[in-house]
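Data first, discussion second: the structure below is written as structure tokens.
The values are calculated or read from the model by the stated rules, or taken from the named source; none is laboratory data. Just so you know, these numbers come straight off a predicted model, no measurement behind them. Cβ sites come from the backbone with ideal geometry, for glycine too, and all protein chains shown count toward neighbours. In case anyone asks, the SASA skips ligands and DNA or RNA and just uses the protein heavy atoms, side chains included. Shrake-Rupley method; radii C 1.70, N 1.55, O 1.52, S 1.80 Å.
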Amino acid sequence: MLGIAAMLSSCSWGRDSRSAAATQQAAVHAARDAMKAAANAIGGTRLEAGGRWYNCSGGIGHQYVGGGVMTAPKGDVPRQLNAIRSAMVGAGFTDVTQLEGIVGVERDDITLTLKYHRAYQGWPVSFRSKCHIYRGADASRVKSSAYTTLEGLGP
């Protein structure tokens, strides 16, 4: 029993009443809105992202997870991070940043993070929904998920 309680506590549960399609759509919209806001804030270009369904840690439930990258002109990274954070908050996200050098935001049970990566001079973004347990058609949808590229990220 203690092991099950530990697994359940490792997952941040979302709204079980929302369908898998609605959760996926919320993740896609949040990622698209966040990446566009970030790009507008710092002159970003080449926005690419995609996602798919994965098992939650502990194997209980599923979450929609994705990532991508944005390239942008070189600049003062701390200043760019602040501009990105302000733009995302202005786009309706809540700032949940916990680490220096990263922008973390949340909207509609979707968490996104963005950080400058010096090695390839780009801005990786990651996003994920909260864990949900799905049944029936929703369970079939998440179990047969394939990677999908996010549309509408052009400049």
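Taking segment 134-150 as the range and being over 19 Å from Asp108 (Cβ atoms) and either open to solvent by less than 80 Å² (accessible area, probe 1.4 Å) or of a type outside the set (Lys, Arg) (or both) as the test, the residues that pass are Gly136, Ala137, Ala139, Ser140, Ser144, Ser145, Ala146, Tyr147, Thr149. The residues of segment 37-83 that are among the basic types (Lys, Arg) and closer than 24 Å to Ala119 by Cα, listed by number, are Arg46, Lys74, Arg79. Whenever a residue of segment 127-145 is farther than 14 Å from Ala27 by Cβ and touching a residue at least 12 places away in the same chain (Cβ under 8 Å), its partners that are part of a strand (DSSP E or B) and hydrophobic (A, V, I, L, M, F, W, C), lying with C-beta atoms within less than 8 angstrom and at least six residues away or across chains, give the pairs Lys143/Trp53. Within segment 84-101, the residues that satisfy the criterion of being part of a loop (DSSP other than H, G, I, E, B) and either under 15 Å from the mean Cα position of the chain (by Cα) or of a type outside the set (S, T, N, Q) (or both) are Ala91, Gly92, Phe93, Val96, Thr97, Leu99, Glu100, Gly101.
Contact map, segment 77-97: residues that are touching a residue at least 24 places away in the same chain (Cβ under 8 Å) and of a type in the set (A, V, I, L, M) paired with residues that are in a helix (DSSP H, G or I) and open to solvent by 50 Å² or more (accessible area, probe 1.4 Å), Cβ distance under 6 Å, separation 6+ or inter-chain. Pairs shown: Ala91/Asp33. For Gly101, the conditions (1) more than 16 Å from Ala39 (Cβ to Cβ); (2) touching a helix residue (DSSP H, G or I) at 6+ places or on another chain (Cβ under 8 Å); (3) surrounded by 13 or more Cβ atoms within 10 Å (Cβ to Cβ) are fulfilled apart from (3). Here the condition is being closer than 27 Å to Trp53 by Cβ, out of contact with any helix residue (DSSP H, G or I) (no Cβ under 9 Å at 6 or more places or on another chain) and either at pLDDT 95 or above or open to solvent by less than 30 Å² (accessible area, probe 1.4 Å) (or both); of Val77, Val96, Val125, it holds for Val96 alone.
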